[in-house]
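Nothing in this text is a laboratory measurement; each read-out follows from the coordinates by a stated rule. Computed from a predicted structure; not experimentally measured. Using ideal geometry, Cβ is built from the backbone for each residue, glycine included, and neighbour counts are taken over all protein chains shown.
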Amino acid sequence: MLPTIAQAAATARARLPAEVWDYYDTGAGDETARAEASTAWSRYRLRPRVLRPVGTRSTATTVLGRQLATPLLVAPAALHGLATPAAEAGTAEGVAGAGSLFVLSTRSSLVPSEATAGAWGATPWWMQLYVMRDRGLTRALIDRAVAAGAEAIVLTVDTPVLGPKRRGLRDVRRPDLLASLQPLLDARAADPEAQAPAQIPSLSDVDALEQDPDLTPEIVEFVREASGLPVVVKGVLRSDDARALADAGAAAVYVSNHGGRQADRAVSTAYALPEVVAAVGDRVEVYVDGGIRSGTDALVALALGARAVLLARPVLWALAAAGAAGVQHVLEDLRLDLDRSMALVGAADLSQLTPDLVTPAA
Ligand SMILES: Cc1cc2nc3c(=O)[nH]c(=O)nc-3n(C[C@H](O)[C@H](O)[C@H](O)COP(=O)(O)O)c2cc1C
C-alpha cells in the first residue's frame, strides 16, 4: 500500500538514520517557525458556497505559462540522496507521474543532467539557485541548469548565512570538492563561453560560506541576463520586498520562510501571503510553501492568492518510504484531497478559489 503523508512520515522516521531524519525535519534555533507553519494554515476557516455546480472539477493551472495538472509542486530541498539512492532522479520520476513540477536544489545529490536523465522526460523543472560570492561559479551553475533544460531559476534570497540548527547531520558539505571546480573556473576565465555544465560536482559539496551575503534586488537582473530565463524569487515575507523584486524584474515572488530553517520566529507564510498578494499579486505570480500538509491547507493558500503551493518535507518522506511511487502517490493523494475540498466549498476550478472563501478563526 502506498503511503499517505502521515504514513510516509512515520515510515521515513522508522527507516532513516536518526541524524538524517533530524536533518530533514529540523528548523533553525528553537524551531518556532517550523513548528507554527502548519498550525497557521489551520487557523483559517472556510466560508463554503452552496448550490454551485461542482460535478465536473479541474485542478489544472499554469505557472509561468506552463500547463500543469496540479498546483501542488515540489519545493527545492537539499540532498534527496540521503532518503534513497535514486535521489532526485526518483523524485523526478514521481513528479512526472503526478503531472507536477520539480524545483531542483542547488545542493542536490545529483547534478541536473543526472537528475533529469531518466523518467523526467518532458516534465517541467526549475533550478533553485544560491548566488555564490564567485559570480563565475554562479554563472557556471546557471549554465549547467540551462543546458539540462531548466525552465526558470528560483533564486533563494533568505540565506545570507545559514540558520543555526541544533539537530541532524552537521557536516553535509565537503569543501574539498570546491577545488574540483577549479578547472572549469579557469576555463571560463580564459573563454567566458566555455561550456562544461556536467563537470561541476553537486553543489551540496560547496561550502555554504561561499554564498554571497551582500545581495540586493539588482541580483535579479544578473540572474535573468545570465540565464535568459524567468526568475522566481524565493524567501519573501514582506510587501515592501515583494514590490522591490517585482520592480527589479522578478517573474514571480515565492513566499517562504525556508520551512523554518533560516530566521527562527519568522512569520508563518500563511500570515505573510495576504500582504504579498495585496502588494504584487496583480503584477507577478505568487507562490507559497511551508507546512502544507492537506488539500484544505492548499485550498486556503490558493484562495488567499497563491498561484501554486509547494512542499518539501512530505516529498522527502515519501521518497524515503516508497521511492518514486511514493512521491507520485503523495502528490496525487493531496491533489485529490484538494479536489474534494474544492467541491465542498463550491469551487469547480482554481479560478473560483477566491479570498472570500476564507476567514481567520474567531
Ligand atoms: C531538508 C531540507 C532542505 C532544504 N534545502 C533547500 C535548498 O537547498 N534550497 C532552498 O531554497 N530551500 C531549501 N529548503 C526549504 C524548502 O524549499 C521549503 O521552503 C520548505 O521546506 C517548505 O516547507 P515544508 O518542508 O514544510 O513543505 C529545504 C528544506 C528542507 C526540509
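Figures for the structure shown
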{"read-out": "Computed log₁₀ I(q)/I(0) - Debye formula, equal Cα scatterers, no solvent, the chain, q 0.09, 0.14 Å⁻¹", "value": "-0.46, -1.18"}
{"read-out": "Debye equation applied to the C-alpha atoms of region 237-362, log10 I(q)/I(0) at 0.13, 0.16, 0.19 Å⁻¹", "value": "-0.57, -0.84, -1.10"}
{"read-out": "The chain: most fluctuating residue of THR32, THR156, THR56 per GNM, C-alpha cutoff 10 Å", "value": "THR56"}
{"read-out": "Cα→Cβ-extended label distance, 7 Å offset, between THR62 and ALA362, nm", "value": "4.3 nm"}
{"read-out": "Stretchable slack from ARG265 to LEU344, in nm (0.36 nm times residue separation minus alpha-carbon distance)", "value": "25.1 nm"}
{"read-out": "Dipole of region 68-157, positive end: most advanced residue of HIS80, ALA96, GLY118 [Cβ charges, Cα centre]", "value": "HIS80"}
{"read-out": "Selection of trypsin sites (Lys or Arg not before Pro), region 216-262, meeting DSSP coil and at most 16 other Cβ within 10 Å", "value": "ARG238"}
{"read-out": "Alpha carbon Rg of region 305-357, scaled by the compact-globule rule 2.2 N^0.38 Å", "value": "1.35"}
{"read-out": "Among GLY346, GLY65, GLY259: highest mean-square fluctuation, GNM of the chain, C-alpha pairs under 10 Å", "value": "GLY65"}
{"read-out": "FRET efficiency, LEU336 to ARG43 (Cβ-Cβ, R0 30 Å, nearest 0.05)", "value": "0.80"}
{"read-out": "Longest segment of the chain lacking GluC sites (Glu not before Pro) that sit in a DSSP loop with at most 15 other Cβ atoms within 10 Å", "value": "1-192"}
{"read-out": "Rounded to 10°, Cα long-axis angle of helix 87-98 versus longest principal axis of the chain", "value": "30 degrees"}
{"read-out": "Quarter of Cα convex hull surface for region 1-126, i.e. mean projection, nm²", "value": "11.1 nm²"}
{"read-out": "Calculated [θ] (222 nm, deg cm²/dmol) that DSSP helices of n ≥ 4 give over the chain, each run adding -39,500 (n - 2.57)", "value": "-12000 deg cm²/dmol"}
{"read-out": "Dipole magnitude of the chain about its Cα centre (Cβ charges: Lys, Arg +1; Asp, Glu -1), debye to nearest 20", "value": "1140 debye"}
{"read-out": "Estimated vicinal HN-Hα couplings, Hz - region 222-235 in sequence order (Karplus 6.51, -1.76, 1.60; Gly, Pro = x)", "value": "4, 5, 5, 5, 5, 9, x, 10, x, 10, 9, 9, 9, x"}
{"read-out": "Of PRO314, PRO53, PRO164, the one that fluctuates the most in a GNM where the chain has Cα springs shorter than 10 Å", "value": "PRO53"}
{"read-out": "Between 0 and 90°, nearest 10: helix 5-15 axis offset from the chain longest Cα axis", "value": "40 degrees"}
{"read-out": "Dipole axis of the chain (+1 Lys, Arg; -1 Asp, Glu on Cβ), positive-most option in TYR44, ALA303, LEU350", "value": "TYR44"}
